[in-house]
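Written below as C-alpha cells is the structure these notes are about.
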Amino acid sequence: MSYKKFWLFTLVLLGSVIYAGNTYASAKEKDTAIVYMTSDGRVNEDIVALQEMLESVVSVDIFPVELLTDNNLKQYRRLVFISTYKEKVPLKAKRAMEHFKGQALAIGENATQLKPFGKWRDRENIKLRKIGNYSLTEPIRWHAMIPPKEQWKVLVHASTLTQKVPFVSRSLHSNWSYMGDLMSSTDFVYSWPHLFSQVLGIQFQNTHPAYIVLTNINMKTNLTKLKETINELSSRHIPLHLAITPIYKEKDGSSYYIQDNKKLVKYLRSLQQRGASLILSPSGNEVDNSLEYMVLNKLYPTIISNPIKGFTAALHEHSHHFYMAKQDGHIIYPINVNQIQESTETSINQFQVSLARLRNVPGSAIGMPYPVYLGAPLMEKIISTLEDTQMPIEWIDFRKSQLQVKTKKVDIKQEKSGALHVKKSFTIKDRLQMYFQERPFEVILWAILVVVTVFVGIFFINTLRLRITLRKRLFEERNEHG
Amino acid sequence: MADLLFYIALFLIWVMLLYHMFLMEGGYLHFRSFEKPIPEWSRNMEELPTVSVFIPAHNEELVIEQTLRAMSRLYYPKDKLEVIVINDNSSDDTGLIASRFAEKYPFIRVLETVEPNKGKGKSSALNSALADSSSEIVIVYDADNTPERMAVWYLVMGLQNDPKAAATVGKFRVINAEETWLTRFINIETICFQWMAQGGRWKWFRVATIPGTNFAIRRSILERLGGWDVKALAEDTELTIRVYNLGYHIRFFPKAITWEQEPETLSVWWKQRTRWARGNQYVVLKFLRQFLTLKRKSIIFDLFYFFFTYFLFFFGVILSNALFIINLFYDIGLSIGNISLILWGLAFLLFLGEVMVTLSIEKTEMNWKNFIYVIAMYFTYSQMWIVLVVRSLSLEIKRLITGQEVKWYKTERFAKKPK
C-alpha cells in the first residue's frame, strides 16, 4: 500500500466514523416510537402523559396502530405499544412489532396477541387496590394477565384485598416487557420514570426544572404584598412569572378592570421591562378580551393559563404531568405542585407532600403556583422548604423561550433573548367598544362631555356673535328708562 | 354601591343640565327670530280689544306711585284701557296714593277688596277684580312693576295675532339690579331664566309659564277656568297648566317689557323664593295625580320638568355633594375616574356660557362686573337654592301631612334710594 493510498484509506475510515456518528445522532433523533390502540383512534390523557415524560429525555414519535408498518419501526431504538381496549391488533402492525429488535414495552391486554406473550394466561377482572407501593384512592377494575413464571421477571405487583398479581414484568429471554396499565391519574404515575428506565433503559436526568408562577394578580391585588413577594424572588434570582387576570369577576358578577389600578399596571410594566414573564389568566371564556385589555395597557403576555389556540405556550394548571412538553403545538408548563391557599401548617404540609412525590420522579418539572395575597414571608418559607429537600433544581425562565401569541388584533413574539416584538391592530371602534364594555356609564359621561363641549363652544360663539353683530338695541335699557 | 349612587346623582344632575343647555340654544334662536313678524302683526292692530290692567296691592305705598306713573304713560287707546289698583286690605297709604292717580287719570280706578276675598292673597284679589271688570283682555302687573310704554300694546299684539294663544307673557327686568350684590345675582338669574326657560321652551315646545306679572290673558279663558286658584302659592304656574289643559298655549313675547323690584335683603329673598318653590311643589303634587288625564302632552312634559327640578335634580345635587364630602374623609370605593372632575368643570363652563349668551342678549348687561358676579354666583347664590328647595319641600310635606292652611307671604318692598 502506497503512502498516498494509506492516507486515503485513513480519511475514508475517519469519514465513515464521522458519518456513523452522525447516523447515530440521527437515529437518536428517532429514539422511541409509541404505538397506540384506542377505541376512538385518538390519544388519551394516559398516552399524552407518557409521551411528555419520554420527550423530556428522548425524541418520541407516536402512531396509531393502523398506520404501523415494518418500515415505521426500523429506525427506532425503543417501542411502546399501548392499548386501552380489547381489539384485534392489525396483522401488519403485529408483524412489525414482533420483528422489532430494540427494547419494547407492551401496555394493556392486547399485548397477549403478540408472539412474545403467547404463553400468558388470562385472569378474570379483579379490583385493584394497590399498585406497587401506591394505594389507590378508589379500587380500579382491571383485567389481569399472568406471565409464565420461569420466563418473566415481575418488577411490580398489583394487589387486590386478598391477592397479588404481576403488574409490570420483564422478559428474561426477549426484548419485551409488560405493564398492566398506565393509570396516569393515580399515584402510580410517580413510579413511571423509575420503571421506564428499568424496562426501556431510558435514563432520566436528575435536575428538576422549577418555576414559580405568581397568581391572583388582578385589579384588587395588594400592591405592597406583590412588591414584597417580587423582592423576595428577585433577591434569590428566581425568574418572575406573573399570571395576570386583567378582567377580574366577582361572584356577584361585578367586573374589575386592571387599568383601574394604575399603580399596579405601572409596576407590572416595570417588571415586564426587568424581564418578568407575563401569563394571561383570563376569567371564564374572555380570552380575547382579556388579552386585548392587557395589550392596550402595554402588558404583553406570552403564555396563557390553559392551552388555547393562538398561544404557543401555556400552563397546565392542577396538572398530573411531570414534564414540560409540546402538545398540539403548545409548549406546556405543568403546574403540578398543590397551590398553597393559606399560611397554615396543613397547607404547607400539602406542599411538602407534593414536593416529596416529585422528588421521586427524576427530572420532573416543579411548577409552583403562589397567590400573591400570601405575601413575602410565606414565599420565603416555601423556598426554604424547597431548598430543604435538597433536590437538584434549575430555575426555568419562561422569558428565555421563543414564544408567540397571535390573534386577529395582537401579535406578540418573544425571542430567546427575552426581547418582545409587539404588533397591535386596534381600530378606534375596537377601542371604543372595549371601553364601553368596560365602563358603559363612563362612556356615556364622555359622550355627554363631547356634546356639552360642543354646546359650550356654540354658546361662546353666540356670545361673540351677539357682541359683534348686535347693532340695534332691541330693548330699552334701564339706563335710558329713567 | 358608591358608584351606583354617584351615577344616579350624575344622571339626575345632567339630565337637567342637558335639558337647560338645549333650552338655552332655543332661547337664543327665539331671540333672533321673535321680532320678525312684528311689522305684519302691527297691521292687525286696528280694531283693538278692551283691556283691564290688574294691579294687586297690599301695603305697597313704597312702590305704587312709580307703578301708576308708568301706567299713566302706557301706549294704548285710553277708551279701551282701564287700570284697576286692587287695594287688598292695605294698612298704609297705598289706597290714598292710588286714589290720587285715579282722580287724575280717568282710566285708573281703585278697587277695595271685600270679605270673603279681603286679605286672602294675590289670587283672591285678582278674582275680585275679575268679577268687577268686563274687558276682553286681562293684564296683570305686580305693584312694584314699571312697564315700558309699549308693554301692554305688545302683550295685546301677541293675543290679537295668535288665536291659539290664551295668554301672552312678556319679559321682566330688574329695576334695582345695582342696589346690592343680591339684586345683581337676581338680575342675572331673571335674564337667564327668561331667555332659557321661557324663550327656549317656547321655541322648542310652544310652552311658556305665566309669570306673576306682565302677562295678558283672555277673559273668556279665565272665566272658563273659574279664575285663579286661591289655594295656590304659585298661582301663575297653576294657571299655566290649566290653560294648556284647555288646549291653548301661552306665547312668550319678550317685546313687552316691565321692570320690577327684587328683594334687596336675604331674608326677603328667602321668604319670597320659599313661597315660589313651595308654590311650584304644590302645583307638581296637585297635577301629578292627574298626569295621565291631562290633555296636552307638552304640559305633561313641562310638569315632569318641574317635578325633576324641584324634586329629583336637587336630590341629585345633594347626593353628589354628600358623596364628595364623605369621600374626602373616608374611602367609599368610588371608581369613577377623572371624567367626573372634567364634567364638574364642564358644568361650570356650561353655566358660564349660558349666562353669557343671555347677558349678551341684554346687551349692556354683559360687562366685566357682571362676569365676576356670574362666577361668584355659581358658588354662592346657586348653592343657596339647594338649601331653599330642601326647606320648601319640608314645609310642603308638613303642610300635606298636617293639612294646615298656607299663609300667603307678600314680598316686602324697598323705597327707591335717592341717587
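Could you check, for the range B:94-104, whether at least one of its residues is buried (at least 22 other Cβ atoms within 10 Å of the Cβ), within 21 Å of the chain's Cα centre (by Cα), within 26 Å of B:ASP229 (Cβ to Cβ) and not hydrophobic (A, V, I, L, M, F, W, C)? Scanning the range B:94-104, I find no residue that is buried (at least 22 other Cβ atoms within 10 Å of the Cβ), within 21 Å of the chain's Cα centre (by Cα), within 26 Å of B:ASP229 (Cβ to Cβ) and not hydrophobic (A, V, I, L, M, F, W, C), so the answer is no. Please enumerate the residues belonging to the range A:265-289 that are more than 24 Å from the chain's Cα centre (by Cα), touching a residue at least 12 places away in the same chain (Cβ under 8 Å) and farther than 22 Å from A:TYR211 by Cβ. Hit for the range A:265-289 is A:VAL265, nothing else. Within the option set B:ILE191, B:ILE186, being in contact with an Asp or Glu (Cβ under 6 Å, 6 or more places away or on another chain), in the same structural domain as B:TYR248 (by TED's automatic domain parsing) and more than 17 Å from B:ALA256 (Cα to Cα) holds for one residue only, B:ILE186. Every condition in (1) crowded, with 20+ Cβ neighbours inside 10 Å; (2) on the phi < 0 side of the Ramachandran plot; (3) touching a strand residue (DSSP E or B) at 6+ places or on another chain (Cβ under 8 Å) holds for A:MET183 except the one numbered (2). If the condition is being part of a helix (DSSP H, G or I) and of a type in the set (S, T, N, Q), then the range B:325-358 contributes B:ASN327, B:SER340, B:THR358. Checked against the criterion of being without any contact (Cβ under 8 Å) to a residue 24 or more places away in the chain and among the acidic types (Asp, Glu), the range B:90-99 contains not a single residue that satisfies it.
Only residues that are at pLDDT below 90 and in a loop (DSSP other than H, G, I, E, B): list them for the range A:275-291, please. Scanning the range A:275-291 gives A:SER283, A:GLY284, A:ASN285, A:GLU286. The residues of the range A:270-284 that are surrounded by fewer than 18 Cβ atoms within 10 Å (Cβ to Cβ) and either over 17 Å from A:ASN216 (Cα atoms) or of a type in the set (Ser, Thr, Tyr) (or both), listed by number, are A:SER270, A:GLN273, A:ARG274, A:GLY275, A:SER283. With respect to (1) within 15 Å of B:HIS58 (Cβ to Cβ); (2) within 21 Å of the chain's Cα centre (by Cα), the lone exception for B:LEU159 is condition (1).
Quick test for you: out of B:ILE217, B:ILE191, B:ILE186, pick the one residue that is in contact with a Pro (Cβ under 9 Å, 6 or more places away or on another chain) and among the β-branched types (Val, Ile, Thr). Answer to the check: B:ILE186. Checked against (1) away from chain A (no Cβ under 14 Å); (2) exposed (fewer than 15 other Cβ atoms within 10 Å of the Cβ); (3) touching a helix residue (DSSP H, G or I) at 6+ places or on another chain (Cβ under 9 Å), B:ILE55 passes all but a single condition, namely (2).
For A:LEU378, the stated conditions do not hold, so it cannot be described as surrounded by 16 or more Cβ atoms within 10 Å (Cβ to Cβ) and touching a residue at least 60 places away in the same chain (Cβ under 8 Å). Being touching a helix residue (DSSP H, G or I) at 6+ places or on another chain (Cβ under 7 Å) and either more than 9 Å from every other protein chain (Cβ to nearest Cβ) or surrounded by fewer than 15 Cβ atoms within 10 Å (Cβ to Cβ) (or both) is the filter here, so list the residues in the range A:450-471 that pass it. Within the range A:450-471, A:THR453, A:ARG467, A:LEU470 meet the criteria.
The range A:47-121 holds strands (runs of 3 or more DSSP E) entirely within its bounds, and those carrying 2 or more residues that are of a type in the set (Gly, Ala, Ser) map to A:103-107.
For the range A:309-345, the tally of residues that are within 12 Å of A:GLN404 (Cα to Cα), more than 9 Å from the chain's Cα centre (by Cα) and hydrophobic (A, V, I, L, M, F, W, C) stands at 1.
Here B:TRP228, B:TRP276, B:TRP269 are screened, and the one residue that is closer than 19 Å to B:THR190 by Cβ and modelled with pLDDT of 90 or more is B:TRP269. Looking only at strands (runs of 3 or more DSSP E) that fall completely inside the range A:183-274, which ones have 1 or more residues that are within 26 Å of A:LEU155 (Cβ to Cβ)? In the range A:183-274, A:208-217 are the strands (runs of 3 or more DSSP E) which contain 1 or more residues that are within 26 Å of A:LEU155 (Cβ to Cβ). Scanning the range B:27-44 for residues that are in contact with a Gly (Cβ under 7 Å, 6 or more places away or on another chain) and within 12 Å of chain A (Cβ to nearest Cβ) gives B:GLY27, B:PHE31. Hey, does the range B:254-269 have a residue that's out of contact with any strand residue (DSSP E or B) (no Cβ under 9 Å at 6 or more places or on another chain) and farther than 26 Å from B:LEU68 by Cβ? Within the range B:254-269, one or more residues are out of contact with any strand residue (DSSP E or B) (no Cβ under 9 Å at 6 or more places or on another chain) and farther than 26 Å from B:LEU68 by Cβ.
Within the set B:GLU60, B:GLU115, B:GLU35, the sole residue that is more than 16 Å from B:LEU155 (Cβ to Cβ) and surrounded by fewer than 17 Cβ atoms within 10 Å (Cβ to Cβ) turns out to be B:GLU115.
Right, B:ASP144: in a loop (DSSP other than H, G, I, E, B) and crowded, with 23+ Cβ neighbours inside 10 Å or not?
Answer is yes for this residue.
Residues of the range A:80-102 that are of a type in the set (A, V, I, L, M, F, W, C) and within 14 Å of A:ILE47 (Cβ to Cβ): A:VAL80, A:PHE81, A:ILE82.
Using the structure shown, decide if B:LEU10 is of a type in the set (A, V, I, L, M, F, W, C), facing another protein chain (nearest Cβ under 10 Å), more than 20 Å from the chain's Cα centre (by Cα) and surrounded by 15 or more Cβ atoms within 10 Å (Cβ to Cβ). Yes: the conditions hold for B:LEU10. Filtering the range B:364-390 to residues that are away from chain A (no Cβ under 13 Å) and aliphatic (A, V, I, L, M) leaves B:ILE372, B:ILE375, B:ALA376, B:MET377, B:MET384, B:ILE386, B:VAL387, B:LEU388, B:VAL389, B:VAL390.
Here A:THR385, A:THR427 are screened, and the one residue that is modelled with pLDDT under 90, among the β-branched types (Val, Ile, Thr) and within 29 Å of A:LYS225 (Cα to Cα) is A:THR385.
Within the range A:296-306, can one find any residue that is modelled with pLDDT of 85 or more and of a type in the set (Phe, Trp, Tyr)? Break it down into steps so the answer makes sense when it comes.
Going residue by residue through the range A:296-306, those that are modelled with pLDDT of 85 or more are A:296-305.
Then drop every residue that is not of a type in the set (Phe, Trp, Tyr), which leaves A:300.
Checked the range A:296-306: at least one residue is modelled with pLDDT of 85 or more and of a type in the set (Phe, Trp, Tyr).
In the range A:430-449, which residue that is under 16 Å from A:VAL295 (Cα atoms) and without any contact (Cβ under 8 Å) to a residue 12 or more places away in the chain is nearest to the other protein chains (Cβ to nearest Cβ)? Residue satisfying both the conditions and the ranking: A:TYR435. From the list B:ILE332, B:ILE326, B:ILE361, the one residue that fits, being in contact with a helix residue (DSSP H, G or I) (Cβ under 9 Å, 6 or more places away or on another chain), within 13 Å of another protein chain (Cβ to nearest Cβ), at negative phi and not aromatic (Phe, Trp, Tyr), is B:ILE361.
Filtering the range A:356-374 to residues that are at pLDDT below 90, assigned to a helix (DSSP H, G or I) and more than 18 Å from the chain's Cα centre (by Cα) leaves A:ALA356, A:ARG357, A:ARG359.
The values are calculated or read from the model by the stated rules, or taken from the named source; none is laboratory data. As the structure is a computational prediction, the values presented were derived from the model and not from experiment. Every residue, glycine as well, gets a Cβ built from its backbone with ideal geometry; the counts of neighbours run over all protein chains shown.
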